[in-house]
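The values are calculated or read from the model by the stated rules, or taken from the named source; none is laboratory data. Values in this document were obtained by computation on a predicted structure and should not be read as measured data. Glycine also receives a Cβ, built like all others from the backbone with ideal geometry; neighbour counts cover every protein chain displayed. These accessible areas exclude ligands, DNA and RNA; they are computed on the full protein's heavy atoms, side chains included. Shrake-Rupley method; radii C 1.70, N 1.55, O 1.52, S 1.80 Å.
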Amino acid sequence: MSGVLLVSFKQAVRSITLILLPLSFVSLVAWATAGSSTGNTADPLRAALWFFLIAHHIPLDLSLSNSAISGTFTYFPIGALLIPFLAIRSGYRKIVEEHGEFDSRGKRKLILALSLSYALLGTILSLLATGSTVAAPFYLVFPILFFVAAISAFLSSNLLPDHGLKFPWQRALKVSWIVLAALIGVGGLLFSISLAWHFTTVLQLTQVIEPGIFGGLAFLAVQILYLPNFAIAALSYLAGSGVVIGQGSWLSPFVHRIDEIPAIPLLGGLPIQAHPYLVLIAGLFISCGVVIARYSESIYSDPVEQRRFYLATVIFIALLTLAIARASSGELLSSNLPSVGPQWWLMPLLLTFEVALGIALKISWPIVIRKIQESRSSIKESS
């Protein structure tokens, strides 16, 4: 076990270095081109550590001299999770190349050791990044880093079970993932169309920032990493739960209540008025429920198994939707923006209801048709 710990510690250092080196370079170039007369060379290194924490979705508390941009930063780009995943996967594969393939038990030990080492080193680095202006809650850093590292290493280790789907809850989990991924894709497609339609607004927001060459490249990378957030927000909008951009705002097909938007180019794709006709897209979510019900009827002939499958599917869709809605929303640096993103509590309720409604319609429709036919037959016989 000590050998596994040593190897894992070395690769944890390597994985963190793979993340921090490019972040430090970008931060150093941005700091140098900014031309600050009061800063020092420690500032870009500290900023790289902040970006490292942000990539792992660790909340930051900001207490800047300007109260307008002081608050909590929890609105993170979901796409940034790809950075630690690739770094940890590289570390795991390096271990396999040097020491050979492990059995299932060895893989579990390796994942645990690598995750613990990664989380411990990341927590120590977070203490170096803590200051009077920016700080990360110490009690959250280690568990979040451990969770991200464990999931990344697990996905890299091919420890996923390769046996067939035997139980209703297993099929329900797979179907829920597929349906939700497809719906997020639809949301991303429609947001892309809206972004192209309001491209002039996007350009205006970009010109307001004037980030420069290097700053512009970094800003473009950040916008790309935020695209999954906006795809999920678009899905929330289409489901009817809408999105919020700050205090008192709400954008949905029926409501358009917003005073101003931050100077973020992607926000140029937001609708400029209510669009009630988009509620018809809710039929897509209902049709997903119909497809799920048809799939269940083709797999299970036992009504008890079907009911278990339906119940598990609805529960998984609710939980997965809650997870992605919560991950794609948060506070954006200021008390004026306490909530940005989808309505994380309303989105799971509406989306799950619409899918469950489709399942219920598919189940009840044949019964209703049969009842109507029986009533017609009885009327003809009585006449």
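In a Debye calculation with equal point scatterers on the alpha-carbon sites of the stretch 111-163 and no solvent, what is log10 I(q)/I(0) at q = 0.13 Å⁻¹?
With no solvent term, the Cα-only Debye profile gives -0.38.
With the crude spin-label approximation of a point 7 Å out along Cα→Cβ, what separation in nm comes out for Leu159 versus Ala263?
4.7 nm
Which whole-angstrom value gives the distance between the alpha carbon centres of the stretch 176-222 and the stretch 310-383?
Spelled out, the Cα-based centre of one part sits 29 Å from the other.
Calculate, for Ala32 and Gln273, the FRET efficiency according to 1/(1 + (r/R0)^6) with r their C-beta to C-beta distance and R0 41 Å; round to the nearest 0.05.
The computed FRET efficiency comes out at 0.40.
The list (i) -0.41, -0.93; (ii) -0.38, -0.80; (iii) -0.30, -0.79 gives values of log10 I(q)/I(0) by the Debye sum over Cα atoms at q = 0.07, 0.11 Å⁻¹, and only one came from this structure; which label was calculated from it?
Among (i) -0.41, -0.93; (ii) -0.38, -0.80; (iii) -0.30, -0.79, the one calculated here is (i).
By how many nm would the segment from Ala323 to Leu280 lengthen if fully extended, with 0.36 nm per residue of separation less the alpha-carbon distance?
Difference between extended and current length: 12.9 nm.
Would you mind listing how long the stretch 246-369 runs along its three principal axes, going by Cα atoms, in whole Å with the largest first?
55, 28, 21
What number do you get for the stretch 241-319 when its Cα radius of gyration is normalised by 2.2 N^0.38 Å, N = residues? List each step's numbers first, then the result.
Values: Rg = 18.8 Å, N = 79, 2.2 N^0.38 = 11.6 Å.
Cα-based Rg divided by the globular estimate yields 1.63.
Figure the gain on full extension for Lys10 and Ala135 (residue separation times 0.36 nm, minus the Cα-Cα span) and round it to one decimal in nm.
Length gained between Lys10 and Ala135: 42.3 nm.
Taking the Cα centre of the stretch 229-383 as origin, sum charge times position over the Cβ atoms of Lys and Arg (+1) and Asp and Glu (-1), and report the length of that vector in debye to the nearest 20.
Rounded to the nearest 20 debye, it is 480 debye.
For Glu97 and Asp43, FRET efficiency with R0 = 35 Å and r from the beta-carbon atoms, rounded to 0.05?
Between Asp43 and Glu97 the formula returns 0.40.
May I ask for the longest run of the chain untouched by chymotrypsin sites (Phe, Trp or Tyr not before Pro) that are loop-located per DSSP and have at most 15 neighbouring C-beta atoms (other than their own) within 10 Å?
1-253
Pairs of alpha-carbon atoms within less than 8 angstrom and 6+ residues apart define the contacts here; what relative contact order does the chain have, in percent?
20 percent
Taking the chain as the reference, fit the longest principal axis to its C-alpha atoms, fit the long axis of helix 42-55 to the helix C-alpha atoms, and give the angle between the two in degrees, 0 to 90, nearest 10.
That helix lies at roughly 20 degrees to the long axis.
At R0 = 22 Å, how high is the FRET efficiency between Leu346 and Leu189 if r is their beta carbon distance? Nearest 0.05 is fine.
Computed FRET efficiency for Leu346 and Leu189 comes out at 0.45.
Roughly what would the spin-label model give for Gln204 and Ile124, points 7 Å off Cα along C-beta, in nm?
Placing both labels 7 Å along Cα→Cβ, they lie 5.2 nm apart.
Whole number in Å², please: accessible area per residue of the chain, 1.4 Å probe, ligands, DNA and RNA not counted.
Value returned for the chain: 54 Å² of accessible area per residue.
Roughly what percent of Cα-Cα pairs across the stretch 284-338 reach past 12 Å?
The calculated P(r) of the stretch 284-338 puts 73 percent of pairs beyond 12 Å.
Expressed as a whole percent, how much of the Cα-Cα distance distribution for the stretch 183-246 exceeds 15 Å?
Values: 1214 of 2016 pairs.
For the stretch 183-246, the share of Cα pairs beyond 15 Å comes to 60 percent.
Take the Cα pairs of the stretch 50-149, get the Kirkwood Rh, then feed it into Stokes-Einstein at 10 °C and 1.306 mPa s and tell me D in µm²/s.
107 µm²/s
Kirkwood Rh and Cα-based Rg: tell me the resulting Rg over Rh for the stretch 121-195, rounded to two decimals. Walk me through the numbers on the way to the answer.
Working: Rg = 19.4 Å, Rh = 16.5 Å.
With Rh from the inverse mean 1/r over Cα pairs, Rg/Rh is 1.17.
Just how large is the dipole of the chain about the Cα centre, in debye to the nearest 20, putting +1 at every Lys and Arg Cβ and -1 at every Asp and Glu Cβ?
Working: 23 positive and 17 negative charges, 218 e Å.
Dipole about the Cα centre, nearest 20: 1040 debye.
Over the chain, what percent of the accessible surface lies on carbon and sulfur atoms, probe 1.4 Å?
Numbers: 14170 of 20640 Å².
On the chain, the fraction of accessible area on carbon and sulfur atoms equals 69 percent.
Out of the stretch 335-383, which GluC sites (Glu not before Pro) are coil in DSSP terms and have no more than 12 other C-beta atoms within 10 Å?
none
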